[in-house]
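Structure first, commentary second.
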Amino acid sequence: GRGGAGAGAKVIIEPHRHPGVFVARGKEDLLVTKNLTPGESVYGEKRISVSNPQVGEEAATSTEYRVWNPFRSKIAAGILGGIDEIYIKPGSKVLYLGAASGTSVSHVADVVGPEGTVYAVEFSHRSGRDLINMATHRTNVIPIVEDARHPLKYRMLVGMVDCVFADVAQPDQARIVILNAQNFLKVGGGVLVSIKANCIDSTAAPEAVFASEVNKLREGGIKPKEQLTLEPFERDHAMVAGIYQRST
Amino acid sequence: MSVDYLLHESALGYAIFKVVAQPDTIGNRLKEVQAATQDLDKFGKMVDLVGLAPFEGTEAALQEINSISEGILSDFLKATLETNLPKAGKKKTVTLGVTEKNLAGSIRAVFPQLSCETAETSEVVADLLRGLRQHNQKLIKKLQPGDIDRSILGLAHRYSRGNVKFSVHKNDNHII
């Protein structure tokens, strides 16, 4: 069979503190999400299948989980870093800016489940193709190949959302997040921004860059709740979480 | 400045709403006023659906979103506005709330008697349009639950595929 994580070994799945996220406890502990499309890997990630014992009349079934690599996903890095709130849970509507090829998006789609929706925006056409392909297997992902700087261009494709996540690595990232929140984010909704210091200002100290970005978000009606570093998974990255208040 | 009508664009079609209760302009940024927009019971009493123009098929929807994203007034939208907005008399001008300013400009060029407010020029319009986005499923009573979500899924795939194929930014389309 397949080698590596979980193969042959006894693995126990436990729910994580964040609803929709799970931990696989085996030889080593791994962050996992419940696979929406059992039998398929999206980007070659490992899958772990556990059998559910027979309950009464119902036959035994099995559930498949996919390993969520914190070195490849900022949200996974944030969760392992101990972030207090991700604003993404089963049933959530999420606007995901900077979706890239959709590897991380596929895990968010697992977390929100069939009742939730992920509106995934990516401007690069090359990544956009992969994103569209991933979305054909997951109907809770809405692929949007468009510039997140111009949210009004895709206003017919996005509903009101519970959370905006941004990983766009652009100098004007805060402005992009605020523009999208103004159009699509509920009052009281969550904002999660992954900030790469180098992408905003490569000459200033990372801490100064993070502080100035948090300030910009605050001026845009987003009340910052927490900030954490994504070390050891990413260098000079911070994750900022906040609540959209709209009224400043 | 008050607003009389609102244009809501969704993946299903265009909807025109009449603003029946003028929202509070001064207290707009207060928590209570913001909360009222989130509450369907309160928001439902502020607007009234006057016309719905569903797109005829996915091909039509794709054409409309391509026009909308460029701020162009399509023939279909023009016809929709003509049937659903009152003919402005000499005394009173009708104010229409539109999401985006380029589209507002295109509308004004064809309907000189209309006055347009956008989400940028008026916070009241911005909040009303946010309310429509949040509650559209319930406010458009002919819809079945999930209608809008399904049409968004289909349209997003077509629109995104179109964007990937017809690209002016050729540098991103490497041929390996």
Quiz item: Rounded to the nearest 500 deg cm²/dmol, what is the calculated helix-only ellipticity per residue at 222 nm for chain B, with -39500 (n - 2.57) per DSSP H run of length n ≥ 4?
Solution: -14500 deg cm²/dmol
Quiz prompt | Residue mean of other protein chain beta carbons inside 10 Å, A:123-132 | solution = 4
Quiz prompt | Those aspartates and glutamates that a straight Cα-Cα span of less than 17 Å connects to B:Lys87, excepting residues fewer than 8 apart in one chain | solution = B:Asp4
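Report the Rg/Rh value for region A:200-245, based on alpha-carbon coordinates and the Kirkwood definition of Rh. Don't skip to the answer; put the middle values down first.
Numbers: Rg = 11.1 Å, Rh = 11.2 Å.
When Rh is taken as the Kirkwood radius, the ratio is 1.00.
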Quiz prompt | Cross-link pairs A:Lys225/B:Lys138; A:Lys34/A:Lys225; B:Lys18/B:Lys165; A:Lys223/B:Lys142; B:Lys78/B:Lys165; A:Lys46/A:Lys89 - those with Cα-Cα distance over 31 Å | solution = A:Lys225/B:Lys138; B:Lys18/B:Lys165; A:Lys223/B:Lys142
Exercise. For chain A, count the residues as N, evaluate 2.2 N^0.38 Å, and divide the Cα radius of gyration by that value, please.
Key: 1.03
Quiz item: In terms of Cα to Cα distance under 12 Å, which aspartates and glutamates are near enough to A:Lys74, apart from those fewer than 8 places away along the same chain?
Solution: A:Asp167, A:Glu231, A:Glu234
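Could you give the C-alpha radius of gyration of region A:1-142 expressed as a fraction of 2.2 N^0.38 Å, taking N as the number of residues it contains? Intermediate values should be presented prior to the final figure.
Values: Rg = 15.3 Å, N = 142, 2.2 N^0.38 = 14.5 Å.
In units of the globular-protein estimate, region A:1-142 measures up at 1.05.
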Exercise. For region B:113-161, give the percent of accessible area contributed by carbon and sulfur heavy atoms, probe 1.4 Å, rounded to a whole number.
Key: 51 percent
Quiz item: Can you give the Kirkwood hydrodynamic radius of the protein assembly as shown from its Cα pairs, in Å with one decimal?
Solution: 23.0 Å
Self-check item: Label-point gap, in nm, between A:Ile12 and A:Ser62 - each point 7 angstrom along Cα→Cβ
Solution: 2.1 nm
Quiz item: Can you give the helix-only mean residue ellipticity at 222 nm for chain A, where every DSSP H stretch with n ≥ 4 adds -39500 (n - 2.57) and the sum goes over all residues, rounded to the nearest 500 deg cm²/dmol?
Solution: -7000 deg cm²/dmol
Exercise. Could you check which residue among A:Val118, A:Val209, A:Val108 shows the biggest mean-square fluctuation in a GNM of chain A with a 10 Å Cα cutoff?
Key: A:Val209
Quiz item: Based on the Kirkwood radius over alpha-carbon pairs, what value in µm²/s does the Stokes-Einstein equation return for the translational diffusion coefficient of region B:37-88 at 25 °C and 0.890 mPa s?
Solution: 186 µm²/s
Exercise. Write down the Kirkwood hydrodynamic radius of region B:1-70, to one decimal in angstroms, obtained as one divided by the mean of 1/r over all alpha carbon pairs.
Key: 13.9 Å
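Classify region A:117-172: rounded, prolate or oblate, from the alpha-carbon gyration tensor (a ≥ b ≥ c, eigenvalue square roots; a/c under 1.5 rounded; otherwise prolate if a/b is larger than b/c)? Spell out each step's value before the answer.
Details: a/c = 1.61, a/b = 1.14, b/c = 1.41.
It is oblate, given that a/c is not under 1.5 and a/b is not larger than b/c.
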Quiz item: To one decimal place, what orientation-averaged projected area in nm² is obtained for the convex hull of the Cα set of region B:22-142?
Solution: 8.3 nm²
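The values are calculated or read from the model by the stated rules, or taken from the named source; none is laboratory data. Only a predicted model underlies this, so the values are computations on that prediction, with no experimental measurement involved. Reconstructed Cβ throughout: ideal geometry from the backbone, glycine too, with neighbour counts over all protein chains shown. These area figures cover heavy atoms from the full protein model, side chains too; ligands, DNA and RNA do not enter into them. Shrake-Rupley method; radii C 1.70, N 1.55, O 1.52, S 1.80 Å.
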